[in-house]
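The structure under discussion is supplied below as structure tokens; questions concerning it will follow.
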Amino acid sequence: MKIAGALTALLVAIVPATSSAQWISIGLRGSGSVPTGSFAEDETTSSDAVVTGAKNGFGYGVEAAAGIGGFGLYAGFDHVKFDCETTNCFDEGKYILQGVSAGLKMSGHKFRLFRPFIRGGVTFNKLSGDYGPSSSGKLTSDRAPGYEVGVGADVSLAGLIGLVPQFRYVGQNLKVKVPGVDSPDPDGTGVNYFTFDVGLVFHTPYSLFGK
């Protein structure tokens, strides 16, 4: 998988640069996501109707991180599929959002079995979806910078494995392109959502536990 390979390469690059790093980790997660704002609104007659009507979605992701004590850097990848319930999407319409993120993470590193954390960073996501009944009717967007903030906890399961539940908000403004439609919203539209993740993390001995 090219994305996972890129994240692994990033992790390898981070570790030598921070030779005093106390921990590194890599994890996989599943996500349940809830769209908000105009992204979740019912279809309207406005020009941004092509990106409304999104319903709850599910996805997956991978993340690598490295840090010193309670401070760390992370890089991740997300793929989320939202149901779409407007006439633009037709039957079984879908929105697919995917991209990468990177940021800072602060955790309560003095705790041994349960480590709460907060995180925040920048995202680079891209949206695609169905528009019309034919295969040529697909909407796409640019890959624009956005942001994410979140809270969660690292919970020890056994040895080098931990369970990581977390809650995030992702905000972004994307410019959508639709075949045959001139700039449905040239200024972009909000594609924002909340997501609850549950993942497994594999870590060095000091990533969840103190010395």
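The values are calculated or read from the model by the stated rules, or taken from the named source; none is laboratory data. The structure presented is a predicted model; accordingly, all values stated were derived computationally and were not measured. Note that each Cβ is placed from the backbone with ideal geometry, even for glycine, and that neighbours are counted across all protein chains shown.
Only one of these conditions is not met by residue 4: (1) out of contact with any His (no Cβ under 7 Å at 6 or more places or on another chain); (2) at pLDDT 50 or above; (3) hydrophobic (A, V, I, L, M, F, W, C). Which number is it?
Exception for residue 4: condition (2).
Considering only residues of region 174-189 that are in contact with a strand residue (DSSP E or B) (Cβ under 6 Å, 6 or more places away or on another chain) and not basic (Lys, Arg), which is modelled with the lowest pLDDT?
Checked region 174-189; the qualifying residue modelled with the lowest pLDDT is 184.
Between a first residue in region 92-120 that is within 21 Å of residue 58 (Cα to Cα) and a second residue that is part of a loop (DSSP other than H, G, I, E, B) and modelled with pLDDT of 85 or more, which pairs have beta carbons less than 8 Å apart while being 6 or more apart in sequence or on different chains?
As it stands, the answer is 97/191; 99/143, since those pairs meet every condition given.
Would you point out the residue of region 130-173, among those that are over 21 Å from the mean Cα position of the chain (by Cα) and closer than 15 Å to residue 201 by Cβ, that is modelled with the lowest pLDDT?
159
How about region 11-47: which of its residues are more than 26 Å from residue 174 (Cα to Cα) and modelled with pLDDT under 70?
Passing the criteria: 11, 12, 13, 14, 15, 16, 17, 18, 19, 20, 21.
If I filter region 190-211 down to residues being at pLDDT below 85 and of a type in the set (Gly, Ala, Ser), which single residue comes out as farthest from residue 27 (Cα to Cα)?
210
Could you list, in sequence order, all residues of region 63-80 that are surrounded by 21 or more Cβ atoms within 10 Å (Cβ to Cβ) and farther than 16 Å from residue 120 by Cα?
Result: 80, single match.
Can you name the residue in region 48-64 that is farther than 30 Å from residue 204 by Cα and modelled with pLDDT of 85 or more and is also nearest to the chain's Cα centre (by Cα) among such residues?
We begin by selecting, within region 48-64, every residue farther than 30 Å from residue 204 by Cα; these are 48-57.
Checking the rest, the ones that are also modelled with pLDDT of 85 or more come to 54-57.
Working: 54: 16, 55: 17, 56: 15, 57: 12 Å.
Residue satisfying both the conditions and the ranking: 57.
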